[in-house]
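Have a look at the structure below before the remarks.
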Amino acid sequence: MKYIRLSLLAFCALFSLIGNAGTSTYELVVTGGEHFPEGARVMVWRNKAVESPKSTEVLGAAPFEKGAFQLSGGVDDPYMVAIDVLPAEGDHAYTRVNFVLEPGKTVIHFSDYQHFKLEGGEYNRLVVNSWNDDKAYQSAFDALYEYSKNADLKDPDQKERYFELFRQAGAIKKQALANVLNETSDPLVKLLVYGGMYYRGEGEDTNQIVMELCKALEGHRQAKVSMLNLTSMMESDKARSAFQIGTVIKDFTAEDLTGKEFHLANVLTKNKYVLVEFWASWCSPCRAEIPHMKTAYQSFSDKGFEIVSFTLDDDRDAWEDASKEENLPWINTGDLLASTSPVVKMYGVTGVPANYLVEGATGKIVAMDLRGTKLDEKLAELLGH
């Protein structure tokens, strides 16, 4: 760690001089729009550097025009952003690319839904192209991509093969990023790898490394974002550790769309088992689970089973529209504070869907993250067919 600290100090002295140069400009060009369905649009977004119910903000968005998209603006210092290619209607992205927004021109060219070439920028060359231009990675990714086109993931053997290919490509990407870390003393490059590409080293105290990098680059946007994410993750891990099978669930109060207030403790006293479900309108896996949950609700609600859902939405219209589209029959609550919600923080929820099946009489958690038919099977075990 001494070597890292010395390198950070040396870089910070240089960085402070560079930082005084003022805001530079960037130009982003995205091509290959002809490979996507008509009306496809590009959205460029970034994580906010301060805690907020809306954790992301859009830098620019527009449909492809003659297969291309362009965006320009100011950038004080390089930081990680993302591009989503979206359908004309809906928010389920065809693809997403994380890259470094830095001064100068950056070109991202899509040759199909998943393959892209990136040109421009020294940080992109070091961080993104370290793996995206790697022939071994491309070969492994091609194998995964081709297999996924016809794979039936309901078949156990095909599903295992898919994840085997996924792990192989991921291992090559991780090694390429490890090579970058070994070959650089630039703390910003390191932070973009750890905090931007979400790299996790084997046998490393990654959290401590990220914290050291953020402190050394204090004031840098990527440091603010990475520190916010790290702090949130550590707090969530601590909170989540209190929610295990056999522990008593924590109570919360929330309102439904009509403003009616619900106390989880009251719902528990009236039912044998309650599923506490965290979801969001924008979460495709959450929406995909709803038909399974409806089947379970229909089968067991008259036997003492209830569902209390809590949304991570921050937009009332989005929550209301999704609830109407799905025709949710159970208790449907939220506070529109998204990841900053006291309820979400208390439960340590960092991703959705997430759920807890709770015994009404004792308040104890009897199962967690029941997906698909596993919910029906557990309820049948507890309540009978």
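The values are calculated or read from the model by the stated rules, or taken from the named source; none is laboratory data. Since the model is a prediction, treat every value here as computed from it, not as a measurement. Using ideal geometry, Cβ is built from the backbone for each residue, glycine included, and neighbour counts are taken over all protein chains shown. Heads up: the accessible areas ignore ligands, DNA and RNA and are worked out on the full protein's heavy atoms, side chains in. Shrake-Rupley method; radii C 1.70, N 1.55, O 1.52, S 1.80 Å.
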### Summary
With the stretch 98-256 reduced to its Cα atoms and the Debye formula applied, log10 I(q)/I(0) at q = 0.11, 0.17 1/Å amounts to -0.63, -1.09
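Which length gain, in nm to one decimal place, applies between E261 and N182 when the Cα-Cα distance is subtracted from 0.36 nm times their residue separation?
The E261-N182 span can extend by a further 23.0 nm.
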### Query
Which pairs break 21 Å Cα to Cα here: K105/K224; K224/K250; K250/K374; K272/K374?
K105/K224; K224/K250; K250/K374
### Query
Normalized C-alpha radius of gyration of the stretch 206-255, against 2.2 N^0.38 Å?
1.60
### Query
For the stretch 64-130, what value does the Rg/Rh ratio take when both radii are computed over Cα atoms and Rh is the Kirkwood radius, given to two decimals?
0.96
### Task
For the stretch 175-245 and the stretch 78-144, compute the distance between their C-alpha centroids and round to whole Å.
21
### Query
What aspartates and glutamates sit close enough to K66 to cross-link, taking a C-alpha to C-alpha distance under 15 Å and skipping anything fewer than 8 places away on the same chain?
E34, E38
### Query
What does the accessible area per residue of the stretch 124-255 come to in Å², with a 1.4 Å probe and no ligands, DNA or RNA counted?
54
### Message
Return the equivalent ellipsoid semi-axes of the stretch 256-378 as a descending list in whole Å, where each equals the square root of 5 times an eigenvalue of the C-alpha gyration tensor.
### Response
21, 16, 14
### Query
When the accessible area of the chain is computed with all protein chains present and a 1.4 Å probe, what percentage of it is carbon and sulfur?
51
### Task
For the chain, build the charge dipole from Cβ charges (+1 Lys, Arg; -1 Asp, Glu) around the Cα centre, then report which of G121, G195, A296 sits farthest towards its positive end.
G195
### Task
For G73, list long-range residues whose amide hydrogen, built 1.01 Å from N in the peptide plane, is under 5 Å from its own amide hydrogen.
Y26
### Message
Counting heavy atoms of the protein chains only and a 1.4 Å probe, report the per residue accessible area for the stretch 289-385 as a whole number of Å².
### Response
43
### Message
Apply the Karplus curve 6.51 cos²θ - 1.76 cosθ + 1.60, θ = phi - 60°, to the phi angles in the stretch 45-58 and return the couplings in whole Hz, x for Gly and Pro.
### Response
9, 9, 6, 6, 8, 10, 5, 7, x, 8, 7, 10, 9, 8
### Task
Enter the angle in degrees (range 0 to 90, nearest 10) between the Cα long axis of helix 2-19 and the first principal axis of the Cα atoms of the chain, meaning the one along which they spread out most.
70
### Query
With each run of n ≥ 4 DSSP H residues scored as -39500 (n - 2.57), what mean residue ellipticity at 222 nm is computed for the chain after dividing by its residue count and rounding to the nearest 500 deg cm²/dmol?
-13000 deg cm²/dmol
### Query
So what are the ³J(HN,Hα) numbers for the stretch 59-68, from phi and the Karplus equation (6.51, -1.76, 1.60; θ = phi - 60°), rounded to whole Hz, Gly and Pro as x?
8, x, 7, 5, x, 4, 10, 6, x, 9
### Task
Compute the relative contact order of the stretch 307-385 as a whole-number percentage, counting only Cα pairs closer than 8 Å that sit 6 or more residues apart in sequence.
22
